[in-house]
Amino acid sequence: MRDYKKFTVWEKSYGFGIKVYTITKSFPKEEIYGLTSQMRRSAISIPSNIAEGSRRSTEKDFKSFLHIAYGSGAELETHIMFAKDLGYISSETSNTLLVELSEIMRMLNAFIQKLI
């Protein structure tokens, strides 16, 4: 059984999820069930799927959960662009988030490739 908390990509994605939660606190109240919820759910999906997959019994299952985490990252990338274009976050905040998310995505991709 793997200890997911020792994976750097889990640590980074967990911290990133906290950052997304903090940033979305300032979103308009009418977005609580819209973009705020979507961003939070996709952000926590990344470390959650890494954790769940790590406890599966086969590498194939683990890899499948890493793919789901990767897909959640792509979803979150789109949400960040919406947030910027709707004026909920600044271009600077958007760029910072996208750079950090891109690093997490690269790490996930490398992890997936390692399991092939």
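Every read-out reported here was derived from the displayed coordinates using simple, explicitly stated rules and does not represent laboratory data. From a predicted model like this one, the values you see are computed outputs, not experimental measurements. With ideal geometry, Cβ positions are generated from the backbone for all residues, glycine too; neighbour counts draw on all protein chains shown.
If you scan segment 53-64, which residues turn out to be surrounded by fewer than 19 Cβ atoms within 10 Å (Cβ to Cβ), of a type outside the set (Lys, Arg) and under 17 Å from Asn109 (Cα atoms)?
Glu59, Asp61, Ser64
Would you mind finding the one in Asn109, Asn49 that is assigned to a helix (DSSP H, G or I) and more than 14 Å from Phe16 (Cβ to Cβ)?
Selected residue: Asn109, the only one of Asn109, Asn49 that is assigned to a helix (DSSP H, G or I) and more than 14 Å from Phe16 (Cβ to Cβ).
Can you name the residue in segment 6-46 that is assigned to a loop (DSSP other than H, G, I, E, B) and of a type outside the set (Lys, Arg) and, of all such residues, is farthest from Asp85 (Cα to Cα)?
The qualifying residue farthest from Asp85 (Cα to Cα) is Phe7.
Hey, can you tell me all the residues within segment 6-22 that are within 20 Å of Lys63 (Cβ to Cβ) and without any contact (Cβ under 8 Å) to a residue 12 or more places away in the chain?
Lys6, Glu11
Hey, any hits in segment 24-39 for a residue that's buried (at least 20 other Cβ atoms within 10 Å of the Cβ) and polar (S, T, N, Q)?
Yes, that holds for at least one residue.
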